[in-house]
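Right, one structure below, let's go through it.
Read-outs: derived from the displayed coordinates by stated rules, not from any lab. All values reported here derive from a predicted model rather than from experimental measurement. Cβ placement follows ideal geometry from the backbone for every residue including glycine, while neighbour counts extend to all protein chains displayed.
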Amino acid sequence: MKCAACGGPMIVLELAGIEIDNCPACKGIWLDSGELELLLEETGWEDKVLNSFFPDSGNREKKRRCPICSKKMDKVFYAGESRVLIDKCSNGCGLWFDENELHQVIEASSIDKNNKILVLLRDIFQAKQSPGK
Ligand SMILES: [Zn+2]
Ligand SMILES: [Zn+2]
């Protein structure tokens, strides 16, 4: 799979037993349809989070193409404690998160900040920061 943001090759990471696609170059994350539900299932918040995405119809950011079907994705925002803009395939293939956006969506929900998924996301992405910073 190619990254929707930079076109680089994606690698598969395992997060809480779920395989997610990650771009090592720009840190974008692709979640296939249903994977966000699976990730959040244990928290009990999956329906609330999934029902909090709304189309951002007036958005003028450049549209990205779905890494699966190549169709232009829609801009949708997560309406939580803060607003997070992500890309969603209108064919329903899945969701695209730029660096830290998945983290931001979970943080903007009412899920416990020490939730296992958030801790795992922090671990995975902090461990992958380039050394020497
Ligand atoms: Zn990328
Ligand atoms: Zn698609």
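Numbers at a glance
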quantity	calculated
Label-point separation in nm, residue 119 to residue 13, each point 7 Å along Cα→Cβ	1.7
Sorted by Cβ neighbour density within 10 Å, fewest at the top, the residues 97, 77	77, 97
Whether segment 11-125 is rounded, prolate or oblate, judged on the alpha carbon gyration tensor where a/c under 1.5 counts as rounded	oblate
Gain on full stretching of the segment that runs from residue 79 to residue 126 - 0.36 nm per residue minus C-alpha separation	14.3 nm
222 nm mean residue ellipticity, helices alone, for the chain (DSSP H n ≥ 4; -39,500 (n - 2.57); rounded to 500)	-6500 deg cm²/dmol
Cα-centre dipole for segment 11-125 with unit charges at Cβ (Lys and Arg positive, Asp and Glu negative), debye to 20	700
Cut-off under 5 Å, modelled amide H: who pairs with residue 94 long-range	33, 89
